[in-house]
Amino acid sequence: MVKVITYGTFDLFHEGHYKLLQRARQLGDYLIVGVTTEEYDLARGKLNVADSLMTRIENVKKTGFADEIIVEESQGQKFRDIQKYNIDIFTVGSDWVGTFDYLKDYCKVVYLDRTKNISSTMLRIKETPIQRIGVIGTGRIANRFIPEAALVSGVNTQCVYNPHFESAEAFARKWGIDPCRDIEEFYNASDIVYIASPHETHYLYIKQSLEHNKHVLCEKPLCLSRRQAEELFEYAKRKKLVLFEGIKTAYCPGFTKLLGMACSGVIGSIRGVEACFTKLENVNHRELKDTEYGGSFTELGSYCLLPILKIFGRDYEKITFDMIKGNNGLDLYTKAHIRYAKGLATATCGLGVKSEGKLLVSGTEGYIVAEAPWWKTSYFEVHHENPDEVERISERFLGDGLRYEICDLLSMINGDTRRDFKLTRGDSEAMADIMELFLEERKRM
Ligand code: C2G
């Protein structure tokens, strides 16, 4: 008798789960299904699981494919189960290719093709439908997005669009999703559009997605002018759609905690915010080649402006920019100085210039400091006059951190508006405004 085992959360049970169990059963004579506990999902960084363990087990049972159902509670259990139950084949969907190769010493490991398309008709009958994500763009950030989205329950990445179809094809092959040649076909297959294309294309793709009644998650900078940002947010509001700027830092738990502490008075009244983000970038990358929209500030400025705008607000008195440019006119090292009635702020960005990446918030009774990579905040310190009195605060930061914004976006789509304080429409519009001022200044300098 060939014994097969598979594991999963099986939340918001859908046809992808059904087909996987069906094929897993066909691999042998006896199928054991491990269903994860809430605690284990939390520990392995899977977010947003909606159904209870009982409901998820019940749904697996209803398929009739499982000969036995067990509960997966901890890391390392798979290895123990394989020995305990005398397993011949371990199987899981292809979104996990490679991850479980370490089990090959104990049994055969089979990655079954994941189901690319979750059909929308099937989903409409559900209370909380799975949101189908379509991706525009196939660059580095899009490649980071897919595995992060796989760890948020309630979404399924379905397809990708790139005007260069060959790029879409290669990307789709890599991630087991569908490449779309035609943009209409792409919109039909998506409920949420994730825009990760070059900056200057954001405006048109956002507009088009909203016209097609799709929610939008757009990489930063959302827009490069205030007028465009205002127009798009207004349009999204009229259509009752969510338009969401993806600055991952804004949604990560450590950063939210840092802001909360800074604004709670532990360091007195805040008088200064200094944020620095620099990167040694490959000279052949778009960031250093696109002479119109590349450069350090359009690339990294959103991260540095975020703590400044969140702490001091949008009513600054004066903003000035200073920059060192490369031969092609792009800024390689930029400082934005922002003066408020009661504080001073600096955003420092570098591409091809390396500095100590740090976020420093100074107050009348102390300071808060987070070292690089503060934009993925997992640790920060609170200091006072007495150097021995340091409060050290750690917070979990999972993977590449994009899962947090996907999770918040999903909650907003499902009607929870309490999440939008992390990055408001006003914040995004102010950033677009600053980007516009910066681009004008760069032309002049
Ligand atoms: N799946 C699929 N097609 C989809 C979605 C999921 O084939 N469109 C598969 C997954 O690859 C997995 C199973 O369905 O094999 C269960 O998926 P999830 O509930 O998302 O569980 P997962 O997070 O993949 O956990 O220990 C748990 C395992 O690591 C798998």
- Query: Taking region 93-114 as the search range and keeping residues that are among the hydroxyl-bearing types (Ser, Thr, Tyr) and either surrounded by 18 or more Cβ atoms within 10 Å (Cβ to Cβ) or under 19 Å from Arg25 (Cα atoms) (or both), which one is farthest from the ligand (Cβ to nearest atom)?
  - Reply: Tyr111
- Just need a number here: residues in region 58-88 that are away from the ligand (no atom under 12 Å from the Cβ), among the aliphatic types (A, V, I, L, M) and closer than 10 Å to Val35 by Cβ. 2
- Query: Which one of Leu280, Leu330 is buried (at least 17 other Cβ atoms within 10 Å of the Cβ) and touching a residue at least 24 places away in the same chain (Cβ under 8 Å)?
  - Reply: Leu330
- Query: Within region 28-43, which residues are more than 9 Å from the ligand (Cβ to nearest atom) and more than 12 Å from Val60 (Cβ to Cβ)?
  - Reply: Gly28, Asp29, Tyr30, Thr37, Glu38, Glu39, Leu42, Ala43
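Could you grab me the full set of residues in region 404-427 that are among the hydroxyl-bearing types (Ser, Thr, Tyr) and farther than 25 Å from Arg314 by Cα?
Here is the first cut: in region 404-427, the ones among the hydroxyl-bearing types (Ser, Thr, Tyr) are 404, 411, 417, 424.
Correct list: Ser411 only.
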- Note on the structure: So, first residue modelled with pLDDT of 95 or more in region 140-165, second residue aromatic (Phe, Trp, Tyr) and assigned to a strand (DSSP E or B), Cβ within less than 7 Å, six or more apart or across chains; the pairs are Phe145/Tyr194
- Item | Filter result for the condition that a residue is over 30 Å from His384 (Cα atoms), loosely packed, with under 15 Cβ neighbours inside 10 Å, in contact (Cβ under 8 Å) with a residue 40 or more places away in the chain and acidic (Asp, Glu), over Glu230, Glu245, Glu292 | Glu292
- Given (1) among the charged types (D, E, K, R); (2) touching a His at 6+ places or on another chain (Cβ under 8 Å); (3) at pLDDT 95 or above, number of the condition Glu389 does not satisfy: (3)
- In region 360-414, the residues that are assigned to a strand (DSSP E or B) and either of a type in the set (Ser, Thr, Tyr) or within 30 Å of Ile192 (Cβ to Cβ) (or both): Ser362, Tyr367, Tyr379, Ser394
- Message: So in region 1-27, with the set limited to residues that are more than 10 Å from the ligand (Cβ to nearest atom) and either basic (Lys, Arg) or buried (at least 20 other Cβ atoms within 10 Å of the Cβ) (or both), which one is farthest from Leu410 (Cα to Cα)?
- Response: Lys3
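So which helices (runs of 4 or more DSSP H) stay within region 115-233 end to end and still have 1 or more residues that are closer than 24 Å to Thr9 by Cα and within 16 Å of the ligand (Cβ to nearest atom)? Walk me through it before giving the result.
Values: elements: 120-124, 140-149, 165-175, 183-188, 202-211.
Here the list reads 120-124, 140-149, 165-175.
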- Only one of (1) assigned to a helix (DSSP H, G or I); (2) over 16 Å from the mean Cα position of the chain (by Cα) fails for Asp420. Which number is that? (2)
- Within the bounds of region 274-290, is there any residue that is among the small types (Gly, Ala, Ser), under 30 Å from Lys257 (Cβ atoms), touching a Pro at 6+ places or on another chain (Cβ under 7 Å) and in a strand (DSSP E or B)? yes
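The values are calculated or read from the model by the stated rules, or taken from the named source; none is laboratory data. If you're wondering where the values come from, they're calculated on a predicted model, not measured in any experiment. Using ideal geometry, Cβ is built from the backbone for each residue, glycine included, and neighbour counts are taken over all protein chains shown.
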